[in-house]
Amino acid sequence: MSRITVLDGMPVAATMYARALSPRPRPPVSDGLPDRLVNLVHHRCEVAEVAAYDRVCGFTLTDRLPATWLHVLTFPLQLTLMTAADFPLAPLGMVHVGNTMTQHRPVSITEPLELRVRADGLRPHRRGVLVDLVGEALVAGEVVWQGRSSYLNRSATLPGTPPDAEPAGPVVDLLTAGLWRLPSDLGRRYAAVSGDVNPIHLNPLAAKAFGLPRTVAHGMWTHARVLAALQSRLPDAYEVSVRFTKPVLLPSTVRFAAAEGADGFVARLTDRGGEKTYLDLRTTALRGQD
């Protein structure tokens, strides 16, 4: 049976990052992941904080929570798990490489939430080790949202043969739907509404310490911004999967392109010329739930 860590309030992500900066011994990666669930009950969203998030990410404010906002709520629980002494991978330097979310039904701003996070899927990768942080949001015991965030840790290894790279999806002609100018302070603006204060998004010196020429946009901002562009055409129940392929340097101009298929949308975020891909996104309607 999993051990359960019950929180009495939403953790502060900045405190978690400060804890991550403190070096500490960790158990061997070969020992596997802790069998532990981080749990927060009776969480209520504030309209003002959701409205601020919607403004930064481009969502139209409604009484429904964006699917990516529920990821924002579970992210401090992810950090709680990753900064614990029994977690084998150092969270600093983790690269968010993919994300899948399932919205089973719309969630109202006023509904009280139970949030859960666990770690899963520790596996070798050709550039290190991958791990998934799996989150759930529940209302009155009903799972209304699920998310799986895949992180790459390049300072660890595991025995075994890394799986082959995921095959590319079918070639789809995407139509350019907009050019977005991303300002140099976008990282600070998104951090203010999401709580994700990873220094590579805020401080050029920190970004350079991790091999980046300047600060980069949060991957979850790009995810949210693309989803916001599709907001009015998404069904009530859907799955959305994203691959983050390259960091978006700030400031920059990016190209948003999309196409609609029988079951959902395919979208891509690239550089202005369309030669460098930053993000691939696909949505799929959940039949019988929308």
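The values are calculated or read from the model by the stated rules, or taken from the named source; none is laboratory data. A quick note: this is a predicted structure, and the numbers were derived from the prediction, not measured. A quick note on method: Cβ atoms are made from the backbone with ideal geometry, for glycine too, and the neighbour counts reach across all protein chains shown. Remember, those area values only see protein heavy atoms, side chains included, never the ligands or the DNA or RNA. Shrake-Rupley method; radii C 1.70, N 1.55, O 1.52, S 1.80 Å.
Quick look at the numbers
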read-out: With eigenvalues of the C-alpha gyration tensor scaled by 5 and rooted, the stretch 131-290, Å; value: 26, 21, 19
read-out: Size of charge dipole - the stretch 64-179 - debye, nearest 20, with Cβ of Lys, Arg +1 and Asp, Glu -1, no other charges; value: 240 debye
read-out: Percentage of interatomic Cα-Cα distances in the chain larger than 23 Å; value: 55 percent
read-out: Sequence-distant residues sharing a close amide H with residue 276 (under 5 Å, placed H); value: 271
read-out: Sparse-neighbour loop sites [trypsin sites (Lys or Arg not before Pro); the stretch 72-150; at most 11 other C-beta within 10 Å; DSSP]; value: 126
read-out: Unit charges on C-beta of K, R, D, E only; dipole of the chain, Debye; value: 1040 debye
read-out: Heavy-atom accessible area per residue - the chain, 1.4 Å, Å²; value: 48 Å²
read-out: The chain - share of DSSP beta bridges that are antiparallel (%, nearest 5); value: 95 percent
read-out: CD proxy at 222 nm, helix term only [per DSSP H run n ≥ 4: -39500 (n - 2.57); per residue of the chain; nearest 500]; value: -6500 deg cm²/dmol
read-out: Within the chain, longest stretch free of exposed GluC sites (Glu not before Pro) [DSSP loop, at most 14 other beta carbons within 10 Å]; value: 47-274
read-out: Furthest towards positive pole of dipole, 177, 74, 235, structure part the chain, Cβ charges; value: 177
read-out: Carbon plus sulfur fraction of accessible area for the stretch 178-217, probe 1.4 Å, in percent; value: 57 percent
read-out: Placed amide H near residue 184: partners under 5 Å, 5+ positions off or other chain; value: none
